[in-house]
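Visitor: Take this structure, written in structure tokens, and hold onto it; I'll ask about it next.
The values are calculated or read from the model by the stated rules, or taken from the named source; none is laboratory data. Not measured: the values here are computed from a predicted model. Neighbour counts are summed over all protein chains in view; Cβ atoms, including those assigned to glycine, are modelled from backbone coordinates with ideal geometry.
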Amino acid sequence: MTAAVSGKKELHMQRIYVHPLPVRIWHWVNALGFVMLIVTGVHLRYPGQIGLMSFESAVRLHNAVGFALICNYFIWLIFYLFTDKIRVYHPELNPIRHYRNAMKQAMFYGYGIFKGEPNPHHVSIYHKFNALQSMAYQIIMILLVPIQFYTGVLLWDVSRFSGTVELLGGVRVVDTVHVLLFIFFTVFILIHPYLASLGHTPTAHFKAMITGYEEVEEEHAPGAALKRGLSDDEPRAPGDHERPDHCRAEQEPPRAALQRIAESVNECTAHAQQQSDQGDVIVRREPRSECQRVCEDHQAHDGCNGQR
């Protein structure tokens, strides 16, 4: 656990493992590869304007890096498809909630961050993207990146894929789509480091993509909810406070608890009636002791519920 100071407020941070090793390897290979594609792409678009390498070298390097990133993309895709980490890309199916969260995040980026307001999004293992990031990365990773790779392969050997190129409108159309996405990813590469610097410290998110561990405020860490007897996804009621140790276990639903108590009382009454035929001594002691135990359990259950 670490402590960070933001203004006059001291933040107690807890580390949670958010970025698995395959994701971190994919991320840094992808980042370096896209930078190389941008540099070599500029050489291809404006030959002779930049003297870093010859046109032939730029073509060979651009093609090699492009195919390497295609392989890297499939590693990313297979990892997410065959692990539970795919949950981080699950879309919010409630449009009202998604719109509300997206607006809160947009207000934070455009206004709140300059006023020192806290980030409305709290990172967790399966919820590492805020509403805006989730929407953007779904579009980028599922739509734009595959289109960029596909158009790049078509332009790599136009004669081999001439039928597909003509079907899509010709070389000019395919090249225009590829260049427009090139411009988009160039802007994205420039903006991404700035957005990554908006953590509780400027380097927090960069360190997390190296170590795998994100630092979150202790009150928003996954274990904090369990300490109060709540699940991580359960909404917090205003003024919710920690429960006593004996009440932190998962509680029964009220209806199920009442049904259990009623069944126990009925069994107790039936047992008492049965024992009454055998002698008053047993009726006064054993059934009464059993009923008293049921009532004590009922009171203990009500005590826990009262702590909610």
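Visitor: Just to verify a result, which residue in segment 130-183, among those that are under 30 Å from residue 87 (Cα atoms) and among the aromatic types (Phe, Trp, Tyr), is surrounded by the most Cβ atoms within 10 Å (Cβ to Cβ)?
Guide: 182
Visitor: If I go through segment 120-174 residue by residue, how many of them are in contact (Cβ under 8 Å) with a residue 40 or more places away in the chain, in a loop (DSSP other than H, G, I, E, B) and among the polar types (S, T, N, Q)?
Guide: Final tally of qualifying residues: 1.
Visitor: Continuing with the same structure: Going by what's in this entry, would residue 177 be described as assigned to a helix (DSSP H, G or I) and at negative phi?
Guide: It is true that residue 177 is assigned to a helix (DSSP H, G or I) and at negative phi.
Visitor: Oh, and also: Go through 51, 33 for me and flag whichever is under 24 Å from residue 176 (Cβ atoms) and not aliphatic (A, V, I, L, M).
Guide: Only one candidate passes the filter, namely 33.
Visitor: Mind listing whichever residues of segment 88-108 are touching a residue at least 40 places away in the same chain (Cβ under 8 Å) and either out of contact with any Ser or Thr (no Cβ under 9 Å at 6 or more places or on another chain) or in a helix (DSSP H, G or I) (or both)?
Guide: Applying the first criterion (touching a residue at least 40 places away in the same chain (Cβ under 8 Å)) to segment 88-108 yields 88-89, 91-92.
The answer is 88, 89.
Visitor: With respect to residue 97, is the statement that it is charged (D, E, K, R), closer than 22 Å to residue 141 by Cα, at pLDDT below 95 and under 19 Å from the mean Cα position of the chain (by Cα) true? Talk me through it step by step, then tell me what you get.
Guide: Values: charged (D, E, K, R): yes; closer than 22 Å to residue 141 by Cα: no; at pLDDT below 95: yes; under 19 Å from the mean Cα position of the chain (by Cα): yes.
Against the criterion (charged (D, E, K, R), closer than 22 Å to residue 141 by Cα, at pLDDT below 95 and under 19 Å from the mean Cα position of the chain (by Cα)), residue 97 does not qualify.
Visitor: Here is a list: 205, 200. Which entry is part of a helix (DSSP H, G or I) and touching a strand residue (DSSP E or B) at 6+ places or on another chain (Cβ under 8 Å)?
Guide: Result of the check over 205, 200: 205.
Visitor: Follow-up. Out of the residues in segment 1-29 that are crowded, with 16+ Cβ neighbours inside 10 Å and modelled with pLDDT of 90 or more, state the one that is farthest from residue 190 (Cα to Cα).
Guide: Across segment 1-29, the extreme among qualifying residues is 16.
Visitor: Looking at 75, 50, 38 in this structure, which one is β-branched (Val, Ile, Thr) and in contact with a Ser or Thr (Cβ under 6 Å, 6 or more places away or on another chain)?
Guide: 38
Visitor: Among the aliphatic types (A, V, I, L, M), surrounded by 14 or more Cβ atoms within 10 Å (Cβ to Cβ) and at pLDDT 90 or above: is that true of residue 77 in this structure?
Guide: Judged against the criteria, residue 77 is a match.
Visitor: Now, a different point. Kindly list, by first and then second residue, each pair from a residue in segment 54-75 that is free of Cβ contacts under 8 Å to residues at least 40 places away in the same chain to a residue that is assigned to a loop (DSSP other than H, G, I, E, B), limited to pairs with Cβ atoms under 6 Å and residues at least 6 apart or on different chains.
Guide: Pairs found: 55/47.
Visitor: Where residues in segment 47-65 are touching a Phe, Trp or Tyr at 6+ places or on another chain (Cβ under 8 Å) and not in a helix (DSSP H, G or I), which of them is nearest to residue 26 (Cα to Cα)? Explain how you work it out, then say what you get.
Guide: Taking segment 47-65 as the starting set, the residues that turn out to be touching a Phe, Trp or Tyr at 6+ places or on another chain (Cβ under 8 Å) are 47-48, 63.
Filter again for not in a helix (DSSP H, G or I), leaving 47-48.
On the way: 47: 30, 48: 33 Å.
Step by step, filter segment 47-65, then rank; the result is 47.
Visitor: If you check 85, 115, which single one turns out to be closer than 30 Å to residue 153 by Cβ and either surrounded by fewer than 15 Cβ atoms within 10 Å (Cβ to Cβ) or within 17 Å of the chain's Cα centre (by Cα) (or both)?
Guide: Values: 115 fails: closer than 30 Å to residue 153 by Cβ.
The conditions single out 85.
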